[in-house]
Amino acid sequence: MKRVMDLNSDMGEGFGPWSIGEGADEAIMSQISSANIATGFHAGDPNIMQRMVSYAKQYGVGIGAHPGFRDLVGFGRRDIKASSSELLNDVIYQTGALREFAHWQGVRLQHVKLHGALYMRAAVDEEFSIALIKALQEIEPSLYLYCMEASVTYQVAKRMGHPVVREFYGDRNYDKTGSIVFTRQVGQLDPATVAARALRACTHGVVRTVEGEDIAIDFDSICIHSDTPGALALIKATKNALTSNGIKIASLSEVVPR
């Protein structure tokens, strides 16, 4: 039974005058405890990044860099064949940009969470995961790294002693391996169903897979994507279900002490 839980969402996923999702960034920011802010390659731009950091500061939300593949057209959901060193340079470039926006506003970067297909690449690519974690430890070893428990990234982080946050995806399906079923398009979801699944995972430690069976799952944070249709309603319903059942939404420092 979980007693405290981080609630995170991917934020600022627009570009110039275009936005992904329903334009509810500030409303979502007021509901969550950690924000993964797009850093320019799959979405986001300097003006959006500055605004998202400002919202996070206003609402006391932990700030995270959300670097992705260099793929604005595909929203970072298409795999790009590139070496680990090239991908790492892209991640460091994007993370550094957001860290400076945070520093400019007098707040600190809390974490890094890879986006989309890059997140899924790291989940199965040991060479890239090792390179990523080694670089984070050299640059800023206090930065939490978000990943799935059923991933190579998590195994490498634990082996290397790096602070890691295991995620549960409230708005994604799971398969029997414990991994999310990666998709480029997500349809409308029922808030009550999403909330009930997250609550069941917190209270019973299981999730129903697409194969129709329950598997055990453990996690420190629940993610609901801001670009999922009706994201604000999903987040509010999930937060209400958790808090109504005695599960506190808390900062990472309380959920995953270093």
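The values are calculated or read from the model by the stated rules, or taken from the named source; none is laboratory data. What you see is a predicted model, and the numbers here were worked out from it, not measured in a lab. Neighbour counts run over all protein chains shown; Cβ positions are idealised from the backbone, glycine included. Only protein heavy atoms, including side chains, enter the accessible area calculation; ligands, DNA and RNA are left aside. Shrake-Rupley method; radii C 1.70, N 1.55, O 1.52, S 1.80 Å.
Table for the structure above
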item	result
Within segment 216-233, tally of residues that are assigned to a loop (DSSP other than H, G, I, E, B), farther than 14 Å from THR193 by Cβ and under 13 Å from the mean Cα position of the chain (by Cα)	5
Residue list for segment 189-215, filter: closer than 22 Å to ARG3 by Cβ and in a helix (DSSP H, G or I)	VAL194, ALA195, ALA196, ARG197, ALA198, LEU199, ARG200, ALA201, CYS202, THR203, HIS204
Options ALA122, ALA150, ALA117; residue that is in contact (Cβ under 8 Å) with a residue 12 or more places away in the chain, more than 25 Å from ALA27 (Cβ to Cβ) and in contact with a Cys (Cβ under 8 Å, 6 or more places away or on another chain)	ALA122
Complete set of residues in segment 151-169 that are open to solvent by less than 50 Å² (accessible area, probe 1.4 Å) and assigned to a loop (DSSP other than H, G, I, E, B)	SER151, HIS162, PRO163
Which listed residue is at positive phi, modelled with pLDDT under 95 and out of contact with any Phe, Trp or Tyr (no Cβ under 6 Å at 6 or more places or on another chain), from GLY21, GLY14	GLY21
Test for ARG208: is it out of contact with any helix residue (DSSP H, G or I) (no Cβ under 9 Å at 6 or more places or on another chain) and either closer than 18 Å to GLU149 by Cα or not aliphatic (A, V, I, L, M) (or both)	no
Checklist (1) part of a helix (DSSP H, G or I); (2) open to solvent by 30 Å² or more (accessible area, probe 1.4 Å) applied to ALA135, failing item	(2)
Residue match in segment 170-179 (condition: of a type in the set (Lys, Arg) and open to solvent by less than 60 Å² (accessible area, probe 1.4 Å))	yes
Residues located in segment 58-106, provided they are assigned to a loop (DSSP other than H, G, I, E, B) and open to solvent by 40 Å² or more (accessible area, probe 1.4 Å)	GLY60, ARG70, LEU72, VAL73, ARG78, ASP79, ILE80, LYS81, SER83, GLY106
Residue match in segment 41-57 (condition: closer than 24 Å to ASP218 by Cα and either touching a strand residue (DSSP E or B) at 6+ places or on another chain (Cβ under 8 Å) or open to solvent by less than 20 Å² (accessible area, probe 1.4 Å) (or both))	no
Scope segment 107-124; condition assigned to a helix (DSSP H, G or I) and of a type in the set (Val, Ile, Thr); matching residues	VAL124
Members of segment 138-150 that are open to solvent by less than 10 Å² (accessible area, probe 1.4 Å) and not in a loop (DSSP other than H, G, I, E, B)	TYR144, LEU145, TYR146, CYS147
Output for segment 239-249, where each listed residue is surrounded by fewer than 18 Cβ atoms within 10 Å (Cβ to Cβ) and either in a helix (DSSP H, G or I) or modelled with pLDDT under 95 (or both)	ASN240, THR243, SER244
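Yes or no, residue by residue, for (1) among the small types (Gly, Ala, Ser); (2) in contact with a strand residue (DSSP E or B) (Cβ under 9 Å, 6 or more places away or on another chain); (3) open to solvent by 50 Å² or more (accessible area, probe 1.4 Å):
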{"site": "GLN188", "(1), (2), (3)": "no, no, yes"}
{"site": "THR193", "(1), (2), (3)": "no, no, yes"}
{"site": "ARG200", "(1), (2), (3)": "no, yes, yes"}
{"site": "ILE215", "(1), (2), (3)": "no, yes, no"}
{"site": "SER226", "(1), (2), (3)": "yes, yes, no"}
{"site": "ALA237", "(1), (2), (3)": "yes, no, no"}
{"site": "SER251", "(1), (2), (3)": "yes, yes, yes"}
{"site": "VAL255", "(1), (2), (3)": "no, yes, no"}
{"site": "ARG258", "(1), (2), (3)": "no, yes, yes"}
